[in-house]
Structures are given as structure tokens and as C-alpha cells.
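Everything on this sheet refers to the single structure shown next.
All of the numbers you see were taken from the coordinates with simple rules; none came from a lab. Please read these numbers as outputs of a predicted model, since none were measured by experiment. Glycine gets a Cβ as well: all are built from the backbone with ideal geometry, and neighbour counts include every protein chain shown.
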Amino acid sequence: MFFLPVLQFLHSKRTQCAGIATFKMEYELWVEEQNRHILEIRTALSSEIGDMQLGKLVQSIMNHYSKLFTMKSAAAKADVFYVMSGMWMTTAERFFLWIGGFRPSELLKVMFLVLTFQSISSDTH
């Protein structure tokens, strides 16, 4: 009986590591594709392209970011602390978050307020 919880914990850790490893690989590919998008948009802005073509390019970049959010969502289901820590980000991204003053611990404060508000509002109904 004692081994069952231990085995379940080890299985969840293995699944968690697999989810994060998948995210790391997908994120590296995402960054490469993002660099290609940046090059495409720079080329498009320096040349004379129509609004329709530029709109398609912008839409493809928006879809690309949507893919990132989907990947981050799946990774957060595997290990939310890994996603919140930002260790998967590039050095430049971490630097700008640091300069901007973003602290993941601030999200815990916001969540506490939201949960407290929900608890109070459900108690009054």
C-alpha cells in the first residue's frame, strides 16, 4: 500500500518532465520560426507591398503567437512553476522582464485577491 502513492508521484514527475521537455523543443522551434517572421516583416516593410499582403503577414504572426500561448498552456498543465519562473525564456526576455519589474510572486498576490473575492461573493449568495 505504501508504494502506490510513491509510484503515482514518480509517474506524475516523469509525465511532468516529458511535458516540459516537449515544451523546450517546441519553444526552440518557435523562436527559430519567429526569427524568420521578423526577417519577412523587415523585408516586407523595406519593399513596396500592398496592404493585403501586409495584412496576411501580420495575421500569420498573430497565429504564430497564438501557437506560443497554446504551448505555454500545455506546459503549465505539466509544471506551472516552470512556466512562471521564465527559465525557458531567452536571456534577453528575462532581462527585459527584470528591468520591467515583473515578479511571478505578484501573480500569487493577484490570485489570492481573486480567490478571496470569489469566496466572499459566494458566501453572500
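Multiply the residue gap between Ser46 and Ala18 by 0.36 nm, knock off their C-alpha separation, and tell me the result in nm, one decimal place. Spell out each step's value before the answer.
Numbers: separation 28, 0.36 × 28 = 10.08 nm, distance 4.23 nm.
Between Ser46 and Ala18, full extension yields 5.8 nm more.
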Subject >> J(HN,Hα) series, the range 86-94, from Karplus relation 6.51 cos²θ - 1.76 cosθ + 1.60, nearest Hz, glycine and proline x >> reply: x, 5, 7, 6, 6, 4, 5, 5, 5
Subject >> Leu68-Gln118 FRET efficiency (beta carbon distance; Förster radius 22 Å; 0.05 resolution) >> reply: 0.15
Original post:
aspartates and glutamates near Lys67 by alpha-carbon distance under 16 Å, same-chain residues fewer than 8 away left out - which ones?
Top reply: Glu26, Glu28, Glu32, Glu33
Subject >> Cα→Cβ-extended label distance, 7 Å offset, between Leu107 and His37, nm >> reply: 2.0
